[in-house]
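Trainee: Got a structure for you, questions after.
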Amino acid sequence: MNKIRELLDDIIKVRNDLVAQSNPHFQDLTNIIYKWENKLATKQGTCSCGRSPTGLCVGWHILTEEQYGEKKKQYEEIPEEKKQTIFHSRAIDGLGE
């Protein structure tokens, strides 16, 4: 599993250096990352990218570094009592409502 994680991290770094609008491979790399992140998460039943504040996959693996930084900052500003209920199994793209 660790070798797959290392490979995914390398692919994510390459993908994040690309400009989405001008590089046709950006979406292809994103699709590969998403596919394997989901396989790892399904096998482990937990977050495999290390970005989730709960330890369970909340979809943050698909975010660029900039988007992740924004979501993380947004999460950190939430009161502690609300953090217990903000994520649910259907919140695949970040913060639930």
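The values are calculated or read from the model by the stated rules, or taken from the named source; none is laboratory data. Just so it is clear, the structure is predicted and the values come from calculations on it, not from any experiment. Heads up, the Cβs are rebuilt from the backbone with ideal geometry, glycines too, and the neighbour counts pull from every protein chain shown.
Trainee: Residue check: is Tyr68 of a type in the set (Phe, Trp, Tyr), surrounded by fewer than 16 Cβ atoms within 10 Å (Cβ to Cβ) and part of a helix (DSSP H, G or I)? Break it down into steps so the answer makes sense when it comes.
Mentor: Numbers: of a type in the set (Phe, Trp, Tyr): yes; surrounded by fewer than 16 Cβ atoms within 10 Å (Cβ to Cβ): no; part of a helix (DSSP H, G or I): yes.
No: the conditions fail for Tyr68.
Trainee: Determine whether region 47-58 contains at least one residue that is in contact with a Lys or Arg (Cβ under 6 Å, 6 or more places away or on another chain) and at pLDDT 85 or above. Show your work before the answer.
Mentor: Kept after step one, since they are in contact with a Lys or Arg (Cβ under 6 Å, 6 or more places away or on another chain), are these residues of region 47-58: none.
Looking for residues that are in contact with a Lys or Arg (Cβ under 6 Å, 6 or more places away or on another chain) and at pLDDT 85 or above, one finds none in region 47-58, hence no.
Trainee: Among Ala91, Ala41, which is the only one that is surrounded by 11 or more Cβ atoms within 10 Å (Cβ to Cβ), at negative phi and either modelled with pLDDT of 90 or more or in a helix (DSSP H, G or I) (or both)? Before you say what the answer is, go through the steps one by one.
Mentor: Working: Ala91 fails: either modelled with pLDDT of 90 or more or in a helix (DSSP H, G or I) (or both).
Ala41 is the lone residue from the list that is surrounded by 11 or more Cβ atoms within 10 Å (Cβ to Cβ), at negative phi and either modelled with pLDDT of 90 or more or in a helix (DSSP H, G or I) (or both).
Trainee: Residue by residue through region 53-65, note down the ones that are closer than 17 Å to Trp36 by Cα and part of a loop (DSSP other than H, G, I, E, B).
Mentor: Going through region 53-65, the residues closer than 17 Å to Trp36 by Cα turn out to be 56-64.
Residues satisfying the conditions are Leu56, Cys57, Val58, Gly59, Leu63, Thr64.
Trainee: Okay, next question. Would you mind telling me which numbered condition in (1) of a type outside the set (Val, Ile, Thr); (2) part of a helix (DSSP H, G or I); (3) at pLDDT 80 or above; (4) under 15 Å from the mean Cα position of the chain (by Cα) Lys82 fails?
Mentor: In the conditions (1) of a type outside the set (Val, Ile, Thr); (2) part of a helix (DSSP H, G or I); (3) at pLDDT 80 or above; (4) under 15 Å from the mean Cα position of the chain (by Cα), Lys82 misses (4) alone.
Trainee: To continue, here is another question. Every residue in region 6-39 that is touching a Ser or Thr at 6+ places or on another chain (Cβ under 9 Å) and over 18 Å from Cys57 (Cβ atoms), please.
Mentor: Of everything in region 6-39, those that are touching a Ser or Thr at 6+ places or on another chain (Cβ under 9 Å) and over 18 Å from Cys57 (Cβ atoms) turn out to be Arg15, Asn16, Ala20.
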